[in-house]
Amino acid sequence: MTTLDESAGTAAAVGAGGKAPVIEISDVWKLHKLGDEVVKALIAAELTVMPGEFVCLMGPSGSGKSTLLNIIGGLDRPTKGSVKIAGKDTALLTESQYAALRHDTIGFIFQSYNLIPFLSAVENVELPLMFEPYDRKMLRKRAVELLELVGLGHRINHQPTKMSGGEQQRTAIARSLISNPTLVLADEPTANLDHRTGETVVRMLRDLCSTMGVTVVASTHDPTVADEASRVVRMKDGQIVN
C-alpha cells in the first residue's frame with residue numbers, strides 16, 4: 001500500500017535545491033480555426049518558473065492567460081512549441097503518462113471551486129486520492145491537517161452548500177495539496193469572492209510558496225493577487241508583453 005509520504009517523494013525531488021525549473025515554456029503557440037479564420041490564442045510564449053515562485057498571469061479577457069494556464073496544466077496541448085513540466089518534455093508523453101504527471105505534480109484551484117455538493121469538506125479534499133490504494137486513515141488524517149492549515153478545522157464535516165464562498169475556496173486549496181504537488185495552478189482564484197476574503201485566499205497561496213515550497217501560478221484580473229505575487233507576467237492579445 002502506498003503512503004502519502006512516498007507519493008510526495010517525486011514532487012519534492014523536482015524542487016530540491018531550487019535549481020531545476022518547474023515550468024519551461026519556449027515558443028509556444030495555440031491556434032484555433034474558426035471557419036476560414038485562424039485565431040491566435042497564444043503567440044510565441046516564453047516563460048520559465050522556478051521552485052517556490054508565486055507567478056501571477058495578468059491581462060484582460062482574451063489576453064491568453066487562461067489558455068497558457070491550461071497548457072501548463074496539460075488540460076490543453078499547444079499547436080507548436082516546447083512545454084516542460086518538472087523537467088519532462090510533455091510532447092514526448094502519452095496521454096496516460098501526461099495524466100500521471102498531472103496527478104503527481106500539479107494541483108488545480110478553479111474559479112468555481114468544483115466541490116462535490118453532497119460530500120463533506122474533508123471528503124472533497126480526499127477525493128483526488130479516494131480511489132487509489134492509500135491507507136484510508138492516513139488519507140483522512142492528511143485531509144484534516146490540510147483543512148486545519150487553511151483555517152477550516154471546525155468545518156471538516158460541513159457540505160459546500162453550508163459554507164461561504166471563501167470557505168469553499170479554502171477547501172479547494174486544501175484539495176489541491178492532497179497529493180503533495182510541486183505546482184499549484186489557480187484560475188481566477190478570487191473572482192467570486194469579496195475583496196477582504198480574496199485577500200485572505202491570496203495570502204494563503206503566497207504562504208504555500210514561502211512555507212511549503214510549492215510553486216504557484218495564478219491567472220487573474222485582480223490587482224490584489226499581483227500585489228502578493230513574487231512576479232507578475234502581463235499578457236495582451238495572446239502575447240506575454242513583459
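Brief remarks on what is shown
- Residue match in the range 83-99 (condition: under 23 Å from residue 228 (Cβ atoms) and assigned to a loop (DSSP other than H, G, I, E, B)): no
- A Cβ distance below 7 Å, combined with a sequence gap of six or more or placement on separate chains, defines the contacts here; from the range 38-62, residues that are acidic (Asp, Glu) reach residues that are part of a strand (DSSP E or B) and open to solvent by 30 Å² or more (accessible area, probe 1.4 Å) in the pairs 46/26; 46/27; 46/240; 53/231.
- Selected residue (criterion: farthest from residue 186 (Cα to Cα)) from residues of the range 86-96 that are out of contact with any helix residue (DSSP H, G or I) (no Cβ under 7 Å at 6 or more places or on another chain) and either surrounded by 14 or more Cβ atoms within 10 Å (Cβ to Cβ) or of a type in the set (S, T, N, Q) (or both): 94
- With respect to (1) touching a helix residue (DSSP H, G or I) at 6+ places or on another chain (Cβ under 8 Å); (2) open to solvent by 60 Å² or more (accessible area, probe 1.4 Å); (3) among the aliphatic types (A, V, I, L, M), the lone exception for residue 116 is condition (2).
- In a residue-by-residue description of the range 98-106, the property of being out of contact with any helix residue (DSSP H, G or I) (no Cβ under 6 Å at 6 or more places or on another chain), of a type in the set (A, V, I, L, M) and buried (at least 19 other Cβ atoms within 10 Å of the Cβ) applies to at least one position.
- Residue check for residue 107: assigned to a loop (DSSP other than H, G, I, E, B), small (Gly, Ala, Ser), under 13 Å from the mean Cα position of the chain (by Cα) and within 25 Å of residue 213 (Cα to Cα): no
- Residue 142 falls short of the stated requirement of being under 27 Å from residue 226 (Cβ atoms), charged (D, E, K, R) and modelled with pLDDT under 95.
- Of all residues in the range 47-85, those being open to solvent by 20 Å² or more (accessible area, probe 1.4 Å) and under 14 Å from residue 22 (Cα atoms) number 7.
- Failed item in (1) open to solvent by 50 Å² or more (accessible area, probe 1.4 Å); (2) part of a helix (DSSP H, G or I); (3) closer than 26 Å to residue 116 by Cα, with residue 192 passing the rest: (2)
- Among the residues of the range 163-180, those that are open to solvent by 10 Å² or more (accessible area, probe 1.4 Å) and either β-branched (Val, Ile, Thr) or not in a helix (DSSP H, G or I) (or both) comprise 163, 164, 179, 180.
Conditions (1) touching a helix residue (DSSP H, G or I) at 6+ places or on another chain (Cβ under 9 Å); (2) modelled with pLDDT under 90, marked per residue:
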{"position": "166", "(1), (2)": "yes, no"}
{"position": "171", "(1), (2)": "yes, no"}
{"position": "174", "(1), (2)": "yes, no"}
{"position": "187", "(1), (2)": "yes, no"}
{"position": "222", "(1), (2)": "yes, yes"}
{"position": "233", "(1), (2)": "yes, no"}
{"position": "237", "(1), (2)": "no, no"}
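- Criterion (among the small types (Gly, Ala, Ser) and crowded, with 19+ Cβ neighbours inside 10 Å) met by exactly one of 213, 198: 198
- Selection of first residues in the range 133-146 that are over 16 Å from residue 176 (Cβ atoms) and open to solvent by 90 Å² or more (accessible area, probe 1.4 Å) and of second residues that are aliphatic (A, V, I, L, M) and in a helix (DSSP H, G or I), restricted to Cβ pairs under 9 Å at least 6 apart or on distinct chains, gives the following pairs, ordered by first then second residue: 138/4; 140/122; 141/4.
- Filtered residue count, the range 224-239, keeping only those that are part of a strand (DSSP E or B) and more than 21 Å from residue 52 (Cα to Cα): 3
- Residues being touching a Gly at 6+ places or on another chain (Cβ under 9 Å) and at pLDDT 95 or above - total across the range 52-66: 1
The values are calculated or read from the model by the stated rules, or taken from the named source; none is laboratory data. Source: prediction; values computed, not measured. Neighbour counts are summed over all protein chains in view; Cβ atoms, including those assigned to glycine, are modelled from backbone coordinates with ideal geometry. Calculation scope for accessible area: heavy atoms of the full protein, side chains included, ligands and nucleic acids excluded. Shrake-Rupley method; radii C 1.70, N 1.55, O 1.52, S 1.80 Å.
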